[in-house]
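*Asks:* For reference, the structure I am asking about is given below.
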Amino acid sequence: MAKLGIDLGGTNVRAALLEEDVLSEIHSIPVNKTNGRDGVLEQIVTLVEQFEKDTLEGIGIGVPSYVDIDQGIVYDTVNLPGWDAVPLKAIIESKFHLPVSVNNDANCFALGEKYYGKGKPYSSLVGITLGTGVGAGIIINGQLYAGQNCGAGEIGALPYRDRDYEFYAGGSFFTEIHKTTAREAFEMSKQGDKKALKIFNAYGHHLGELIKLVLLTYDPEAIILGGSISNAWKYFSESMTTSLHQFLFKQYIKNLKIEVSSLDNAGIYGAAHLVGN
């Protein structure tokens, strides 16, 4: 039996089968926000209908939000209008009569890395997603730590300078401060553009400051970076490392491993892993 993993993002909703640690039949559609909550729910249903129900063990869904994990209720999804207190688990279970598990998307990323990616060797790790927003999934002693309200790892909401870390370590750093996008800055950096390189140099400093807080709070063996901005690792890693080493507690970073994910669709892997676990 296969597990169906779904990654609901602010831009796309993607789904794939996980069987014997391999993803197959990957489907992706742009999120339709114009019809609010019901429009996105219809898209999830349409995606699930692409798969043969009788072959499925269950469905796992990662969402960019706080989640009541036991009840499968989704709260406060900033990038999806109308998504507040949505009983996603109950809705999908009633439609397909299959067990459904729901969790935060950064938690799913961390699970994907722990069991299928670069996180395999580590019992304690933090997976940080760098994209439009910034979030973290926390693995302690081999187990996901989500907190009482599935709010552990919402590191982007921590205050920093005049805003928060999400503003300085997420997509807003590029769009709001530098009037470009991370993708555009990445492409310009490949061409040696000095302005773009300077942007990523500043970005790396802010990310290093955020990682210091992660170390002080969780002291993991490894940090694994994912999300679209992590593709530009080459251009911000040096300044990030410099910032990180300006740290009072040198022992925290002596044995720390910082890696960039090479697992395509890590969030889908993690969502599928929710099934039966």
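Computed from the coordinates by the stated procedures, all read-outs in this text should not be read as laboratory data. From a predicted model like this one, the values you see are computed outputs, not experimental measurements. Glycine gets a Cβ as well: all are built from the backbone with ideal geometry, and neighbour counts include every protein chain shown.
*Asks:* Taking H placed 1.01 Å from N in the peptide plane, check which residues at least 5 places from LYS257 or on another chain put their amide H under 5 Å from its amide H.
*Replies:* ALA222, ILE223
*Asks:* With each label point set 7 Å from Cα along the Cα-Cβ vector, what nm distance links LYS234 and GLU176?
*Replies:* My value for the distance between the label points is 3.0 nm.
*Asks:* Now for a separate question. To the nearest 20 debye, what charge dipole does the range 120-260 have about its Cα centre, counting +1 at the Cβ of each Lys and Arg and -1 at the Cβ of each Asp and Glu?
*Replies:* 380 debye
*Asks:* Convert each backbone phi in the range 54-68 into a coupling constant with the Karplus relation 6.51 cos²θ - 1.76 cosθ + 1.60 (shift: θ = phi - 60°), then list the ³J(HN,Hα) values in order as whole Hz, x for Gly and Pro.
*Replies:* Karplus values, whole Hz, x for Gly and Pro: 5, 9, 9, 7, x, 10, x, 10, x, 10, x, 6, 5, 9, 7.
*Asks:* Continuing with this model, one more query. What net charge do the residues around TYR116 carry, taking every other residue with its C-beta under 13 Å from that of TYR116, with Lys and Arg at +1 and Asp and Glu at -1? List each step's numbers first, then the result.
*Replies:* On the way: positive: LYS3, LYS114, LYS118, LYS120; negative: GLU19, GLU20, ASP21, GLU113, ASP264.
So the environment of TYR116 carries a net charge of -1.
*Asks:* Please give the length that would be gained between ASP162 and SER24 if that part of the chain were fully extended, namely 0.36 nm times their separation in residues minus their C-alpha to C-alpha distance (nm, one decimal). Walk me through the numbers before you get to the answer.
*Replies:* Numbers: separation 138, 0.36 × 138 = 49.68 nm, distance 4.42 nm.
Extending this stretch completely gives an extra 45.3 nm.
*Asks:* Okay, moving on. Name the residues of the range 237-277 whose amide N is less than 19 Å from a point 7 angstrom out from the Cα of THR11 along the C-beta direction?
*Replies:* Flagged as within label range: 261-269.
*Asks:* Hey, what number do you get for the chain at 222 nm if only DSSP H runs of n ≥ 4 count, each worth -39500 (n - 2.57), divided across all residues, to the nearest 500?
*Replies:* Numbers: 9 runs with 98 residues, N = 277.
So the calculated ellipticity at 222 nm is -10500 deg cm²/dmol.
*Asks:* Report the net charge of residues surrounding VAL45, where surrounding means a beta-carbon distance below 11 angstrom and charges are Lys +1, Arg +1, Asp -1, Glu -1. Before the final figure, lay out the partial values.
*Replies:* Numbers: positive: LYS95; negative: ASP38, GLU42, GLU49.
Local net charge: -2.
*Asks:* Also: At most 13 other Cβ atoms within 10 Å and a DSSP loop assignment: could you name the chymotrypsin sites (Phe, Trp or Tyr not before Pro) in the range 168-277 that fit?
*Replies:* Details: sites: TYR168, PHE173, PHE174, PHE186, PHE200, TYR203, TYR218, TRP233, TYR235, PHE236, PHE247, PHE249, TYR252, TYR269; in loops: PHE247, PHE249.
Those that pass, being in a loop and sparsely packed, are PHE249.
*Asks:* Based on other C-beta atoms within 10 Å, arrange ARG37, ARG163 from fewest to most. Provide the component values of the computation, followed by the final result.
*Replies:* Numbers: ARG37 17, ARG163 13.
The most exposed by this proxy come first: ARG163, ARG37.
*Asks:* Same structure again: Going by C-beta contacts inside 10 Å, put ASP54, ASP84 in order with the fewest on the left.
*Replies:* Working: ASP54 6, ASP84 13.
So the ranking, lowest neighbour count to highest, is ASP54, ASP84.
*Asks:* Around ALA146, which amide H atoms from residues at least 5 apart in sequence, or from another chain, sit under 5 Å from its own amide H, with H modelled in the peptide plane?
*Replies:* Long-range HN contacts for ALA146: none found.
*Asks:* Stokes-Einstein at 25 °C, 0.890 mPa s, Kirkwood radius from Cα pairs: D for the chain in µm² s⁻¹? Numbers along the way, then the final one.
*Replies:* Numbers: Rh = 19.1 Å.
Diffusion coefficient, whole number: 129 µm²/s.
*Asks:* Take the range 12-87, compute every pairwise Cα distance, and split them into 10 Å bins from 0; I just need the percent in each bin.
*Replies:* 17, 47, 32, 4
*Asks:* Starting from the Cα of ASN141, step 7 Å toward the Cβ, then list every residue of the range 186-226 with an amide N under 17 Å from that point.
*Replies:* 218-221
*Asks:* Now a separate question. What do you get for GluC sites (Glu not before Pro) in the range 1-65 restricted to DSSP loop and a cutoff of at most 13 other Cβ within 10 Å of the site's Cβ? Before the final figure, lay out each step's value.
*Replies:* Details: sites: GLU19, GLU20, GLU25, GLU42, GLU49, GLU52, GLU57; in loops: GLU20, GLU49, GLU52.
The qualifying sites are GLU20, GLU49, GLU52.
*Asks:* For a quick size check, give me the Cα extents of the range 232-277 along its three principal axes, largest first, whole Å.
*Replies:* Reported extents, whole Å, longest axis first: 42, 25, 12.
*Asks:* Could you tell me which trypsin sites (Lys or Arg not before Pro) in the range 174-265 are loop residues by DSSP with no more than 12 other beta carbons within 10 angstrom of their beta carbon?
*Replies:* On the way: sites: LYS179, ARG183, LYS190, LYS194, LYS195, LYS198, LYS212, LYS234, LYS250, LYS254, LYS257; in loops: LYS179, LYS250.
Those satisfying the criteria are LYS179, LYS250.
*Asks:* Let me ask something else. Kindly give Rg over Rh for the range 121-277, based on alpha-carbon atoms, with the Kirkwood expression for the hydrodynamic radius. Show your work: numbers first, answer last.
*Replies:* Numbers: Rg = 15.5 Å, Rh = 16.1 Å.
Rounded to two decimals, Rg/Rh equals 0.96.
*Asks:* Now, a different point. For the chain, with only Lys/Arg (+1) and Asp/Glu (-1) charged at the beta-carbon, what is the dipole magnitude about the Cα centre, in debye rounded to 20? Each step should come with its number before you reach the end.
*Replies:* On the way: 23 positive and 32 negative charges, 227 e Å.
Around 1080 debye, computed over the chain.
*Asks:* Principal axes first, then extents: for the Cα atoms of the range 111-158, list largest minus smallest coordinate on each axis, whole Å, largest first.
*Replies:* Dimensions of the range 111-158 along the principal axes of its Cα atoms: 29, 25, 13 Å.
*Asks:* Using only Cα positions of the range 39-176, each an equal point scatterer, no hydration layer, compute I(q)/I(0) via Debye at q = 0.17 Å⁻¹ and quote the log10 values to two decimals.
*Replies:* Taking Cα atoms of the range 39-176 as identical point scatterers yields -1.02.
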